[in-house]
1. Hey, which lysines would be in cross-link range of LYS107, C-alpha to C-alpha under 22 Å, not counting anything within fewer than 8 residues on its own chain?
2. How much length would be gained if the chain were fully extended between ALA45 and LYS98, taking 0.36 nm per residue of separation minus their Cα-Cα distance, in nm to one decimal?
3. Between SER143, SER37, SER71, which gets the highest mean-square fluctuation from a Gaussian network model of the chain, Cα cutoff 10 Å?
4. Pop out the ³J(HN,Hα) list for region 78-91 in order, Karplus 6.51 cos²θ - 1.76 cosθ + 1.60 with θ = phi - 60°, rounded to Hz; leave Gly and Pro as x.
5. Given Cβ point charges of +1 (Lys, Arg) and -1 (Asp, Glu) and nothing else, what value in debye, to the nearest 20, does the dipole of region 46-151 about its Cα centre take?
6. Using Cα positions and a limit of under 17 Å, work out the aspartates and glutamates in reach of LYS101, with same-chain residues fewer than 8 apart set aside.
7. What list do you get for HIS92, HIS139 if you sort them by fewest beta carbons within 10 Å?
8. At 222 nm, what helix-only mean residue ellipticity would the chain give, in deg cm²/dmol to the nearest 500, using -39500 (n - 2.57) for each DSSP H run of four or more?
Amino acid sequence: MAISLQDQLLKAGVASKKQANKAKADKRKKKGKPAPSNNEVQQQALAQKREKDRQLNLEREQQMAMKANLSQARQIIESNKINIPKDAEMKHQFSHLKFVKTILVNKELQAQLFRGQLTIVFMDDKYWLIPTDQAYRLHALQSEWVVELPKQEKPDEDDPYADYEIPDDLMW
């Protein structure tokens, strides 16, 4: 009868009895754990692939939504921008990104800005004027493009002058 490799190594002195016992114990431990079947491995791989594909699709959908919002915001500005006349000489100052900026407007546009009918927006390194209702739509899509939305003030209940309107031609 042939001698096992383990016995041959022990006889030759290459391995010790301690190493042989450890190898037997490791062999028994491996037999105790059933190896995953080929079908289970395939199912696991398929589930991982599905999760990865789902993540990729989610990222693509988010990118497409961002592009759609960007193009819709551009369209809002392009279709609603107010042309500033070339003879505009009045400076209208406002703050944007911690800097004071100036645009030239005429008297009519300045009055509309003060009343909150127009809003200043920033796109492609330029400032544009658009109606405030469109600015609210733009703010929902690209909030960083809107310089400042007019504050909708609620009148004080105790204000004794609430019934009196401020005339439009009043200059401070």
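None of the figures in this text is laboratory data; all of them are computed from the coordinates on show. Computed from a prediction, not measured in an experiment: that's the story for all the values here. Positions of Cβ are generated from backbone atoms using ideal geometry, with glycine treated the same way; all protein chains shown enter the neighbour counts.
1. LYS81, LYS86, LYS91, LYS126, LYS151
2. Stretched out fully, the ALA45 to LYS98 stretch lengthens by 13.8 nm.
3. SER37
4. Karplus-based 3J(HN,Hα) across region 78-91 equals 4, 7, 10, 5, 9, 6, 8, x, 5, 8, 5, 10, 7, 8 Hz.
5. On the way: 17 positive and 13 negative charges, 43 e Å.
Roughly 200 debye for region 46-151.
6. GLU89, ASP124, ASP125, GLU144, GLU148
7. On the way: HIS92 19, HIS139 16.
Fewest to most other Cβ atoms nearby, the residues stand as HIS139, HIS92.
8. Only helices count here, giving -17000 deg cm²/dmol.
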